[in-house]
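A.B. asks: Please see the structure below; I have some questions.
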Amino acid sequence: VSEAQALTFMEMDLDLYRVTRFEDVQNAKPVRNWALQAGVTNVAAQGVLQASFPAGRGISVSRTAVGLPSMLRWFYPPPGSPTIRDVSAVALLRYTTAAPVGSIAGGIVLRGLQGPSPTLTGYACDANGTHVRLWEFSSGVGDLLAEVEFAVAQNEDVWMRFDTANISGGVTLRAKVWRGAISDEPAEFLVSFDDTTAFEGSGWVGLVVPGSPGPTVEARCGYFRFRSLFGSTVETHRHTMAANYVPIRDIPATPDLVSVALNPGGISLGSDLGKRSQLTVTMQDHPGSDFGEGVGIGSHWAKFRARGLFRRGQALSLVHGTLGLSLAEMERRHCVLESFSGPSRDRSFTIVAQDPLKLADNDRAQAPRISNGVLGSNIDAAAVSVTLAPEGIGDAEYPPAGFGNIGGQEIVAFERVGDVLTLDRGRFGTTPTDHTAGDRFQLCLNIPASTVATIINQLLIDYAGVDANYIPLADWNLECATYLPQLYSRLIPDPTGVNKLISELIEQAGLMMWPDDIAQLIRLQVLRPIPTTAFEYNDSNTLAGTIQPQEQPSTRITQIWTYYGVRNPLHGPTVPHGRRFRQ
Amino acid sequence: VPVVISDNLVLTLPQAVGDAPNANNPLIGWRNLVTVGNIGADSEDPASPGLNLANAMTHQLWRSVSLAVQYVTVTHGAVDPIDYVGVAGHNFGSGHITVRLEGYTAVDGLGTPLWFPLVGEFMPADDTPLLMRFAPQSLVGVRIKLHPTTVRPLAAVVYVGPLLVLQRRIYVGHKPMPFAERVDNVVSRSDRGHYLGATILSAWNEGAIQQNNVESEFYRAEVEPWRKQGVMSDYPAEVAYCWPAGDMDVSNQLANGMMQFSLNVQGIVS
């Protein structure tokens, strides 16, 4: 009898993170993984010994004569792979010669790209001795975007952080420079700039060579790191349970996975969204390195924690298979990161992940979202116009027309121009009444007659932030068209938990929903008889001693009360006097 | 001319003038001169650089991206004699990659090292840890010449340094590491008694190094530093890359000062 050799992997998609202290650099020799991208004449980049740097060595970048703008790309990304967009970089810099007036000093370059030589694009930050400056390179020409005074002496070590991130309508740039240790980083940024005219794409990360287009100058770097922001560029970290047959050469993985506990979710038929499945993964901490460097500096999971790589909601996969299968052939369960703890005193590190419906929890997702506008003045019961405060809130948070809830007392229809609202008072069974300045004007969520598929899809995507790829809307629509050709409508006057709203629909419409963590989908089904073709579990194919029947007398229904016909949505769906009633 | 006395244990010369080649006593390669700053590979995948060879972790690999003749070079500059190079987690056997070990003590007028062979070309029979032993000598650097054919080389760990040759031989009852596999498995049965298959959850190699009648001076000079540092151990005929599975158990054994010790180890054998 042959035995299957079990393989278990855990994969996490985390923000890209790279760091080097130049530990392997040799004096006056080329530096591994740094490549000049343009203006390669009259430029040198080589290893240098510098006692004040963390590893006593670093990279020297210099211009030996007048030349074209030059940038050094660090090894990410390798040719052909995705570039990086939203990014934060930190470097330890030392200016051994002063940059000529008007030229760029050494510094950090982000979103670097090279077109036909010498065309360069990208953003750069430098410190020229008197100022910290932000640059935009376009077609090989550097334009100064912003600067702030900050004196840096020749042969002084300074730390520099430079960030870029896309914002609505452009790119925000910000930078800071400080002295001392890396841990002395100030909270405030020295200089920032919102670029709304140019480069919003992605590129590589590296150093800008000083002196362009000036003569001989040198800058040194003794520490360089960068990370992507907000998951804009992620890479997969894979861990495995240790065994001497794990094919690590073919499926690279860190064998530090100690245990995996998957508590399956519970499907609640016609009641609510059920119980969330939970995956608990425990790892053993161990020395960690960054591509060979930094083995003696912190352990793997301590670094993970310190680097802030954990982001709730990021993807995590549990992969089960047996030796001989490729990774693609193995069973893969998809979850989202929920929390972590450790490293603990016994050097264990625990990660908890859950199914994506966790994002709909009442304390995380509400529909409608809270509105921040308030009445700018008192109004009486007859008023048909009001101005919102604070100024500008109308365009920021409210649509041109809709329904509003004033102070939880009255529903109105409105049309908006700027901050000024034209009101149609006393809608949805409410009575026009006086309101005072400062009463909150809450935008209502008005759901017109729609199928449950449409409503739940809207709630999950627009208000819970569930990835649309999780929702097979065509399947949901077919299910509704076949088994539930019924439309539902509702006005939701106040922020209400998405889980609560969907659970009410599940109860009213007789549904069940569950996450299919293998297909990476959220399933929806109308309650109906089990087909005769369903797979049968019996005492021949279930593990001995694992089936345990349990009576559930508490779920037996003996009497049904039905509330219907909402009189006033402000009173809530479960308040008897807000609805008609039948027993 | 190398003397190959086991699949992957290569001896070249006696340890000292007048000594016969001796592979009978356990060889422990725990002293290591390799650092991130002194090792380099001619070719490397940026995601699996040659620097990975400098740490003891066997899951972090160096991967070459070339099929050309290439070198892994260690410029350690040590004055004290060294006599071994160990490589673990490699594919030189399964990849049919020819290996040769070279060293140098001097450079020419242009500063180019004058390399000479320490271990002649051979092709490992399999991927078990490789121990190349040569006469103790002072070297500025060593390099492993690799001649691939169709498979790009990879390796996890390289050790360079002086060997510890234990005083006593292996005793009867010793379980060689390659055969000391332990398995954690589950066998499944249904309610009705059907066999639902068996699954191996994990497997590993685990053994022990035991020495009796060890002279107290030898223990204090040679074994105690090893106990404090960790381990990469190799046995004649069965080479393994090991790490301690607990503390070394040391005690005085005889009235004449002889000592005994035992160390449980786990390791990889391929």
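A.B. asks: Between the stretch A:435-480 and the stretch B:116-191, how many Å separate their Cα centres?
C.D. replies: Each part's Cα centre sits 62 Å from the other's.
A.B. asks: Separate question: Tell me, B:Y171, A:Y483 in order of fewest to most beta-carbon neighbours within 10 Å?
C.D. replies: In increasing order of surrounding Cβ atoms, one gets B:Y171, A:Y483.
A.B. asks: Mind pulling up the Rg/Rh value for the stretch A:293-447? Radius of gyration and Kirkwood radius, both on Cα.
C.D. replies: Using Cα coordinates only, the ratio equals 1.27.
A.B. asks: Right, something else. Give me the one-decimal Kirkwood hydrodynamic radius in Å for the stretch A:291-347, with the sum taken over alpha-carbon pairs.
C.D. replies: Across the stretch A:291-347, the inverse of the average 1/r is 14.1 Å.
A.B. asks: I want to check the label-to-label distance for B:H194 and A:V141. Put each point 7 Å from Cα in the C-beta direction and report it in nm to one decimal.
C.D. replies: For the pair B:H194/A:V141, the computed spacing is 7.7 nm.
A.B. asks: Right, another one. Return the average number of partner chain Cβ atoms within 10 angstrom of each residue Cβ along peptide A:245-257.
C.D. replies: 3
A.B. asks: With both bridge residues required to lie in the protein assembly as shown, what share of the DSSP beta bridges run antiparallel, to the nearest 5%?
C.D. replies: Expressed as a percentage, antiparallel bridges in the protein assembly as shown total about 95.
A.B. asks: Could I ask something else about it? Which whole-number percent is the relative contact order of the stretch A:454-583 (Cα, under 8 Å, 6+ apart)?
C.D. replies: In percent, rounded to a whole number, it is 19.
A.B. asks: Would you tally the net charge around A:F53, using a Cβ to Cβ cut-off of less than 15 Å, leaving A:F53 out, and scoring K and R as +1, D and E as -1?
C.D. replies: After counting each charged neighbour, the total is 0.
A.B. asks: Which three extents, in whole angstrom, do the alpha-carbon atoms of the stretch A:98-172 cover along their principal axes, largest first?
C.D. replies: The Cα atoms of the stretch A:98-172 stretch 34, 30, 17 Å along their principal axes.
A.B. asks: Additional query: Can you put A:D363, A:D424 in order of Cβ neighbours within 10 angstrom, beginning with the fewest?
C.D. replies: Ascending Cβ contact count within 10 Å gives the list A:D363, A:D424.
A.B. asks: Here's another thing I want to ask about it. Listing A:S168, A:S228, A:S103 from the residue with the fewest other Cβ atoms within 10 Å to the one with the most, what is the order?
C.D. replies: Ascending Cβ contact count within 10 Å gives the list A:S168, A:S103, A:S228.
A.B. asks: Rounded to the nearest 0.05, what FRET efficiency do B:S66 and B:W243 have when you use their Cβ-Cβ distance and R0 = 41 Å?
C.D. replies: Rounded to the nearest 0.05, the efficiency is 0.85.
A.B. asks: Specify the angular offset, from 0 to 90 degrees and rounded to the nearest 10, of the alpha carbon long axis of helix A:473-483 from the longest principal axis of the alpha carbons in chain A.
C.D. replies: 10 degrees
A.B. asks: Under 19 Å Cα-Cα from A:K275, which lysines qualify once same-chain neighbours fewer than 8 residues away are excluded?
C.D. replies: Once the sequence-local lysines are set aside, what remains near A:K275 is A:K358, A:K500.
A.B. asks: How big is chain B on each of its three principal axes, counting only the C-alpha atoms and giving the largest first in Å?
C.D. replies: The principal-axis extents, from largest down, are 80, 56, 31 Å.
A.B. asks: Sticking with this one: Given points 7 Å out from each Cα along the Cα-Cβ axis, report the A:A468 to A:N155 separation in nanometres with one decimal.
C.D. replies: Label at A:A468, label at A:N155, 6.0 nm between them.
A.B. asks: With a cut-off of 8 Å between alpha carbons and a minimum separation of six or more residues, what is the relative contact order of the stretch A:123-215 in percent?
C.D. replies: In percent, rounded to a whole number, it is 22.
A.B. asks: Something else about it: What list of ³J(HN,Hα) couplings, whole Hz, do you get for the stretch B:149-162 from phi and the Karplus terms 6.51, -1.76, 1.60, once you set θ to phi - 60° and write x for glycine and proline?
C.D. replies: Each residue of the stretch B:149-162 in turn: 10, 10, 10, 6, x, 8, 7, 10, 9, 10, 10, 9, x, x Hz.
A.B. asks: Hey, another quick one. Using a 10 Å cut-off around each Cβ of peptide B:173-183, what is the average number of partner chain Cβ atoms that fall inside?
C.D. replies: 1
A.B. asks: Could you give the dipole magnitude of chain A about its Cα centre, charging the beta-carbon of Lys and Arg +1 and that of Asp and Glu -1, in debye to the nearest 20?
C.D. replies: Here chain A has a charge dipole of around 600 debye.
A.B. asks: Return the FRET efficiency for the residue pair B:K175, B:E121: r is the Cβ-Cβ distance, R0 is 30 Å, and the value is rounded to the nearest 0.05.
C.D. replies: Efficiency, rounded to the nearest 0.05: 0.35.
A.B. asks: Are there trypsin sites (Lys or Arg not before Pro) in the stretch A:156-216 that DSSP marks as loop and that have at most 16 other Cβ atoms within 10 Å, and which are they?
C.D. replies: The qualifying sites are A:R179.
A.B. asks: Could you compute the net charge surrounding B:P153? Neighbours are other residues with a C-beta less than 14 Å from the C-beta of B:P153; K and R count +1, D and E count -1.
C.D. replies: So the surrounding residues net to +2.
A.B. asks: Related question: Okay, which of the stretch A:364-383 sit inside 15 Å, backbone N to the point 7 Å along the Cα-Cβ direction of A:V417?
C.D. replies: none
A.B. asks: Now, a different point. Can you give me the distance in nm between label points at B:N212 and B:V187, each placed 7 Å from the Cα along the Cα-to-Cβ direction?
C.D. replies: Using points 7 Å along Cα→Cβ, the separation is 3.7 nm.
A.B. asks: Would you be so kind as to identify which of A:G392, A:V417, A:L487 lies farthest towards the positive end of the dipole of the stretch A:363-506, taking Lys and Arg as +1 and Asp and Glu as -1 on Cβ and the Cα centre as origin?
C.D. replies: Going by the charge dipole, the pick is A:L487.
A.B. asks: Could you compute the net charge surrounding A:V87? Neighbours are other residues with a C-beta less than 9 Å from the C-beta of A:V87; K and R count +1, D and E count -1.
C.D. replies: Combined, the nearby Lys, Arg, Asp and Glu give +1.
A.B. asks: Mind checking which of B:S94, B:V140, B:F261 is farthest towards the positive end of chain B's charge dipole, using Cβ charges of +1 (Lys, Arg) and -1 (Asp, Glu) about the Cα centre?
C.D. replies: B:S94
A.B. asks: For the pair B:T112 and A:L49, what calculated FRET efficiency results from E = 1/(1 + (r/R0)^6), where r is the Cβ-Cβ distance and R0 = 22 Å, to the nearest 0.05?
C.D. replies: 0.50
A.B. asks: Per 5 Å bin from zero, what fraction in whole % of the C-alpha pairs of the stretch A:433-472 is there, up to the bin with the longest pair?
C.D. replies: Calculated P(r), rounded to whole percents: 5, 18, 21, 14, 13, 7, 11, 7, 3, 1.
A.B. asks: Relative contact order (percent) for chain B, with alpha-carbon contacts under 8 angstrom and 6 or more residues of separation?
C.D. replies: Rounded, it is 23 percent for chain B.
A.B. asks: Still on this structure, I have one more. From the residues A:I461, A:L16, A:T562, which one has its Cα farthest along the dipole of the protein assembly as shown in the positive direction, the dipole being from +1 and -1 charges on Cβ of Lys/Arg and Asp/Glu about the Cα centre?
C.D. replies: Highest projection toward the positive end goes to A:T562.
A.B. asks: Once the convex hull of the C-alpha atoms of the stretch A:439-583 is built, how many Å³ does it hold per residue, rounded to a whole number?
C.D. replies: Residue-normalised Cα hull volume stands at 185 Å³.
A.B. asks: What is the magnitude of the charge dipole of the stretch B:98-194 about its Cα centre, with +1 placed on the Cβ of each Lys and Arg, -1 on the Cβ of each Asp and Glu, and no other charges, expressed in debye to the nearest 20?
C.D. replies: Using Cβ point charges on Lys, Arg, Asp and Glu, the stretch B:98-194 gives about 320 debye.
A.B. asks: Another question about this same structure. Return the average number of partner chain Cβ atoms within 10 angstrom of each residue Cβ along peptide A:22-29.
C.D. replies: The mean count of partner-chain Cβ atoms within 10 Å per residue comes to 3.
A.B. asks: Per residue and in Å³, how big is the convex hull formed by the alpha-carbon atoms of chain A?
C.D. replies: 220 Å³
Read-outs throughout are calculated quantities, based only on the coordinates presented, and are distinct from any laboratory measurement. Because the structure is predicted, anything quoted here is derived from the model rather than measured. No Cβ is skipped: glycine too gets one built from the backbone with ideal geometry, and neighbour counts run over all protein chains shown.
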